[in-house]
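First comes the structure, then the notes that go with it.
The values are calculated or read from the model by the stated rules, or taken from the named source; none is laboratory data. Nothing here was measured: the structure is a model prediction, and the numbers come from that model. Reconstructed Cβ throughout: ideal geometry from the backbone, glycine too, with neighbour counts over all protein chains shown. In case anyone asks, the SASA skips ligands and DNA or RNA and just uses the protein heavy atoms, side chains included. Shrake-Rupley method; radii C 1.70, N 1.55, O 1.52, S 1.80 Å.
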Amino acid sequence: MNGKVLTAATVAALSCLVSTVWAERPSEDATCEFPGGAYYKSNNTLYLESVNDENARIEILDTTKSCIDVNSSGEFNLVVERSTKLATNSTIVLPMNYSPKSSCIELYDPYAFTTNDEGVWNVFASNAPGNGVAHRALLMITDTQRKECQDIKEIEFTASGLQLVNEHTQAQLERELHNPKSGANDWALEGSYNFIRWDKDHADLGKVYGYAAKDKNKVQAGHFTKVGAGAYIPPMRAYLKYRGQTPLAKSVESIVELPETIDVTLVEEDGTTRLARWNTVTGEMVKVNGWYDLKGRKLNSKPQNKGMFIGNTNIQK
Amino acid sequence: MEKKEYEAPKMEIVDFEAQACLLAGSGEEPEGCDDYCDELG
């Protein structure tokens, strides 16, 4: 084999390996490992993986709990490893009580979901000063204006009170959100300890919303947006789901009226509120932007010559 | 045997309007995905 090719292949393989190894874990073998994570006694740290893997899930059994040798305060360190860096807005749900170590991160607890006077859907979330509660899905706001907060993939917490995660846990992760206008709990914030993908035939498609983790087309990372076919969420995150128990669901037409975007209002401890910076509408989706020829090549402007082209409203002959 | 004169089929230019239809692969969006179709944070 060509030596240069071999070298390039080796470098590529090593780069791939390096990118999948979590730098912060101790070099020795883990004290115990389980689906979705590992515990190291040497630094009293539990590592949990919130990664893009179809089979990713968290499972914590009694044996895992007994493995974790907490100190006298009952606390241990927790590192949540994400495959994508934190955007301004994201979600989290963990099987323990936790507190972020970094001032980059604030937790907010959603409590209501309604429409404002202009008919724009709005989630209200209150500041959960410093604390997250086991199995309770929260919004996580990262101050990405600060340089040191812009590339966080490993989120560090102080944690305590580890809970079991098994096949019965998922039912505990649904948070109903009250709609003061309808008087019903129209929506729910649902956390998950499993990887979920919404394929095109998924029953919930069209009713699910979440924070984009990446810049994609017109949606920017951190935007709250409607989920389309193929979207997915790694374990220990949450999404918003329409529960279909209000007048919204009485007709097919009403489902169509589900919002394309939803604003989020954060309520601080002193009662002041702020609309999230990211609450701009992500834009009307126009399926055809401009003109294309029959081979699918985009044209700079409307064609002047005769022929068949794919355009905004008709086929130009 | 009687010879039959060949008649070419008549061609007609049809003026038509049609609903926009984006060819697969020609747009900027992935097929079947009008919304956000990637990782949620």
Seminar exercise, completed: (1) outside any loop (DSSP other than H, G, I, E, B); (2) open to solvent by less than 20 Å² (accessible area, probe 1.4 Å); (3) not polar (S, T, N, Q) all hold for residue A:197 apart from (2)
Seminar exercise, completed: Those residues of the range A:72-99 which are outside any strand (DSSP E or B), of a type in the set (S, T, N, Q) and within 14 Å of chain B (Cβ to nearest Cβ) amount to A:83, A:84, A:88
Exercise. Of A:148, A:156, which residue is open to solvent by 10 Å² or more (accessible area, probe 1.4 Å), under 20 Å from residue A:101 (Cβ atoms), of a type outside the set (Lys, Arg) and touching a Leu at 6+ places or on another chain (Cβ under 8 Å)?
Worked result: A:156
Exercise. Of the residues that make up the range A:181-193, is at least one within 12 Å of chain B (Cβ to nearest Cβ), open to solvent by less than 10 Å² (accessible area, probe 1.4 Å) and either touching a helix residue (DSSP H, G or I) at 6+ places or on another chain (Cβ under 8 Å) or closer than 22 Å to residue A:113 by Cα (or both)?
Worked result: yes
For this session: Kindly check whether there is at least one residue in the range A:196-219 that is more than 11 Å from chain B (Cβ to nearest Cβ) and within 12 Å of the chain's Cα centre (by Cα).
Result: no
For this session: Examine the range A:279-287 for a residue that is more than 8 Å from every other protein chain (Cβ to nearest Cβ), modelled with pLDDT of 60 or more and open to solvent by 20 Å² or more (accessible area, probe 1.4 Å), and state whether such a residue exists.
Result: no
Exercise. For residues in the range A:209-218 being open to solvent by less than 80 Å² (accessible area, probe 1.4 Å) and in contact with a Ser or Thr (Cβ under 6 Å, 6 or more places away or on another chain), which is farthest from residue A:240 (Cα to Cα)?
Worked result: A:213
Exercise. Pick from A:206, A:222: which is surrounded by fewer than 22 Cβ atoms within 10 Å (Cβ to Cβ), in contact with a Lys or Arg (Cβ under 9 Å, 6 or more places away or on another chain), at pLDDT below 90 and part of a loop (DSSP other than H, G, I, E, B)?
Worked result: A:206
For this session: Could you pull out the residue among A:49, A:118, A:28 that is assigned to a strand (DSSP E or B) and charged (D, E, K, R)?
Result: A:49
Seminar exercise, completed: (1) touching a strand residue (DSSP E or B) at 6+ places or on another chain (Cβ under 7 Å); (2) in a loop (DSSP other than H, G, I, E, B); (3) not β-branched (Val, Ile, Thr) all hold for residue A:151 apart from (1)
